[in-house]
1. Among chain B residues, which Cβ is nearest the axis of the B-onto-C rotation, and at how many Å?
2. Could you tell me how far the Cα centroid of segment D:1-70 sits from the Cα centroid of segment A:81-109, in Å?
3. Any idea how far apart C:Y81 and D:E89 come out in nm if each label point goes 7 Å out from Cα toward Cβ?
4. Taking a label point 7 Å from Cα toward Cβ, how far is B:A13 from its twins in the other copies, in nm, shortest first?
5. Which ³J(HN,Hα) values, rounded to whole Hz and listed in residue order, are derived for segment B:102-119 from phi using the Karplus coefficients 6.51, -1.76 and 1.60 in 6.51 cos²θ - 1.76 cosθ + 1.60 with θ = phi - 60°, glycine and proline given as x?
6. Under the classification rounded if a/c is under 1.5, otherwise prolate if a/b is larger than b/c and oblate if not, where does segment A:69-146 fall, given a ≥ b ≥ c as square roots of the Cα gyration tensor eigenvalues?
7. Based on the Cα coordinates of segment C:1-58, what is the per residue volume of their convex hull in Å³?
8. Can you give the net charge of the other residues whose Cβ lies under 9 Å from the Cβ of A:S219, counting K and R as +1 and D and E as -1?
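Only the coordinates and a few stated rules stand behind these numbers; no lab work does. In this text, all values refer to a predicted model and were calculated from it rather than measured experimentally. Here the Cβ positions follow ideal geometry from the backbone for every residue, glycine too, while neighbour counts run over all protein chains shown.
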4 protein chains.
Amino acid sequence: MGDHRSYPLIARAGKDGYENNLQSRTFSVGSAVFGADLPTIIAGPCAVESREQTLGIAKAVKEAGADCLRGGAFKPRTSPYSFQGLGREGLEILAEARAETGLPVVTEVMDVRLVELVCEVADMLQIGSRNMQNFPLLIEVGKAGKPVLLKRGMSATIDEWLCAAEYIALSGTAEILLVERGVRCSVSRGYTRNTLDLNVIVPTREETVLPVLADPSHSTGRADLVPWVSRAAIGAGAQGLIIEVIGEDMRPEDVRCDGAQSIKPSVLREIIDTVKTPVPGTAV
Amino acid sequence: MGDHRSYPLIARAGKDGYENNLQSRTFSVGSAVFGADLPTIIAGPCAVESREQTLGIAKAVKEAGADCLRGGAFKPRTSPYSFQGLGREGLEILAEARAETGLPVVTEVMDVRLVELVCEVADMLQIGSRNMQNFPLLIEVGKAGKPVLLKRGMSATIDEWLCAAEYIALSGTAEILLVERGVRCSVSRGYTRNTLDLNVIVPTREETVLPVLADPSHSTGRADLVPWVSRAAIGAGAQGLIIEVIGEDMRPEDVRCDGAQSIKPSVLREIIDTVKTPVPGTAV
Amino acid sequence: MGDHRSYPLIARAGKDGYENNLQSRTFSVGSAVFGADLPTIIAGPCAVESREQTLGIAKAVKEAGADCLRGGAFKPRTSPYSFQGLGREGLEILAEARAETGLPVVTEVMDVRLVELVCEVADMLQIGSRNMQNFPLLIEVGKAGKPVLLKRGMSATIDEWLCAAEYIALSGTAEILLVERGVRCSVSRGYTRNTLDLNVIVPTREETVLPVLADPSHSTGRADLVPWVSRAAIGAGAQGLIIEVIGEDMRPEDVRCDGAQSIKPSVLREIIDTVKTPVPGTAV
Amino acid sequence: MGDHRSYPLIARAGKDGYENNLQSRTFSVGSAVFGADLPTIIAGPCAVESREQTLGIAKAVKEAGADCLRGGAFKPRTSPYSFQGLGREGLEILAEARAETGLPVVTEVMDVRLVELVCEVADMLQIGSRNMQNFPLLIEVGKAGKPVLLKRGMSATIDEWLCAAEYIALSGTAEILLVERGVRCSVSRGYTRNTLDLNVIVPTREETVLPVLADPSHSTGRADLVPWVSRAAIGAGAQGLIIEVIGEDMRPEDVRCDGAQSIKPSVLREIIDTVKTPVPGTAV
């Protein structure tokens, strides 16, 4: 399929000890471990909207069993008139949430000029779908020395995705997490935001030693589908999940970003309980 | 989403006792029950190629725990120069396989003029993807009085799929099984035959009282992915699987149709053991 | 690209005198010639809805310069509750329209059992998109001895399309017309019914000696776009057009099928005047 | 379709004098005029590879009748191991080409930190497909005061494309050119790099007062298709073309980037002669 010579630093072929199965190069982000036997769960609000909202959700996802906190301080939005995130103030709130919960923080960076600033707080830098082929940004986060979460582009092939990861690796970072987040496909018209492509998980793990996770929130756009699709993703070989969460007593319309696809902490707990229980026959 | 008035006979809305959850209208095909609590497994060769091959696989899938036998006597093939199935002889072999194993038989019918003939053997009639909108055929199988397995078209929306099922229902058959079998999407280029759309399962069950299954063989085109994707499909809410199987000692290149995506009976047994074990948190 | 051995009867390679350019195997349907230098125009109502409507439109498209009359007597409809065509009565109306205008008639056949009946009137048999891989139907129309218009399936590759044509050729008919009618693609969401794929025209002509036309009506779903897309199709190498037309004084909502994409005869005349005027540089 | 309130600065609705037809807001880039009656042609090498190559092609496209010179100094490449462009040296070569030919220069900028540098030479800044939603870059080029060429993303809807243009407009630049360059669609497998979406041209012009061009090079990936698709694009309402060109005596394999889709100057001249000749019936 792929051409291993296109991404030698992350290809499975030629990596000593990784040739013969789906074992991944594991790495830690704070207390969270990626690529090991049990799935790793990243959860949190879509956007950091306020101190109260973020601290509340951070504590709730910690109690539900999440390993890592997500939350956007800088938000890529289709329209320039939509809420663009709290920026620097959002980062400070994330730092406080980490201090209170002990959860490592992953947050998106969209601008090469802000990589240094975001690194002051982030334990892992997120590259969003729209920036999967923003090459100067890939190079800059690669130089920053922090682990990187790289979402798949909306219509990217495995090859393009792994070449994007190679840009990061070539710039100095070996610790990269790949996240499938749904692709554009004509058939989802009318029922989900995107089409979750679970066929991609194992073929990607066969090509690369990097761990591969799935994002049930963006791939569906519907909170009610998140538990179903979370179980499906783990069954398909995903090594973890990244899930958007709102407060237990909040309504979707109360939040400024992606309310319709955010689940409550009680639902998150059920998902984590299910997917962290080893199932007979699912071992590699 | 959908417009329930377009498919009143199969819509969840308005069906007494089915409004409030994902419960399906259950039905039996021989000893197999569809739409109940545990997933139902249909397995067998892609095509009936010989008496020995078919009886051997039939016994093996029975022992592995399958509920229903599949096998094509009439095969829709992209090229007129490909093997087109054994036809009438294939039906006789299927009848013998049923007699030997007790498994009910599902087999495809492509031609309105052959519905009567196929009904002499089939316990359930299969409509393939390419015929999802072959309306005269839908009407004819609807009149035949046998349960029908209706595969989703390669780029069909939920609405189109359910309208196709409504044609069958309107012609007289209430017992219809829907099967997601992968869709055409640009992103799978280079790694799988199609893109399995697991986002579709629960939204389809919300719209209709018909049971919904998944086909991990055609949706991937790769035997090695079938176990992963089978677990994923059940996690996503599929109420069963239809899987292509080759003999335990056969090689993919030994068969005339879809060898690359057919699994061995020992792998089938592992899949069935896994998906028939209720997992905490997966109940509806 | 394609594998010529898959469709030897229609492949350009190996066809004496056709190897080195885009020249097509020409053929006549009544007074209409397909595959020659000037584009051939097929026009008429989506469905035959009444004698008055059909005769009126037939005369109008004749006056506008069309070469062939289209009109559906048997209509494939997504919902079983939509108007399904006038059937046999529709055929009789088409025969009368031919008698009055002299235009040859192309009309769709969906059912193998009706090929003989449709042949009593049709000068050319149409296979619709949904039936591109209805193999028994392809074989039956191939045997009927009439020219065949084969629409491309909604997500068919060139290979699948040409293999479908080969089924027809292998059954006895060499006179086949290929029609690109728009494909399913995620990006058209919100503005057109399908995505017209004009990249396909010349590569298809390179593979086969069959003439290739385009359908600006179904590919857009919008009457206002039909003139633009008609010019585009001819520029891209299409050897003709098939266009849906309503009466000059009718409104889209007055018709039972595809009103929104049907143009008026006066617009058809402008299109024909434009595309039948040779443009410098467009010769092959 | 679209929601005009999402992009008020560029929407047709509410723009005095533009409401009722497809007339565009015209603007000049050096001697080139965009959005007026005749199509505007941008042509040049994919990448600036050397002084000789670029000056040679620049003179040739000038003689062929092109209005504007394209050429990449900074190249977005899927793989980090591919040629990434000559950078600053490439810009100097482009400046020299402009001095020799009088053609205004459009060249891509990928990095917010290089907008100022690229502006020293560029008469128009190009945003590539991969950066259509690189919002910090859109804002920075919007502030730079130069006209901007904005390519459509590989699977972008009209709404997303126009929202991206609105980011630029909101940052200070009213002179924006939209370029359709082919989308990702499953059906092109095996024959073209992308699927040119000509259905998008007029609906986009209906939504916005910005001029809309097409890119026949990237949308096909094949030099032999460029003349066909160029005519098609103009017929479909495109207000110009952007075309990749190699030297008259060069072979595709002699260039480091996109050789297979680059045409020779003599072919460019034929295209320009054809599309700049007004055709009866093509006026708006």
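1. B:S155, 2
2. Each part reduced to its Cα centre gives a spacing of 41 Å.
3. Taking the simple label geometry, C:Y81 and D:E89 are separated by 7.0 nm.
4. Those separations, rounded to one decimal, come out as 2.7, 5.3, 5.4 nm.
5. In residue order, the calculated couplings are x, 6, x, 10, 10, 8, 7, 10, 10, 10, 4, 6, 10, 4, 4, 4, 4, 5 Hz.
6. oblate
7. 153 Å³
8. -1
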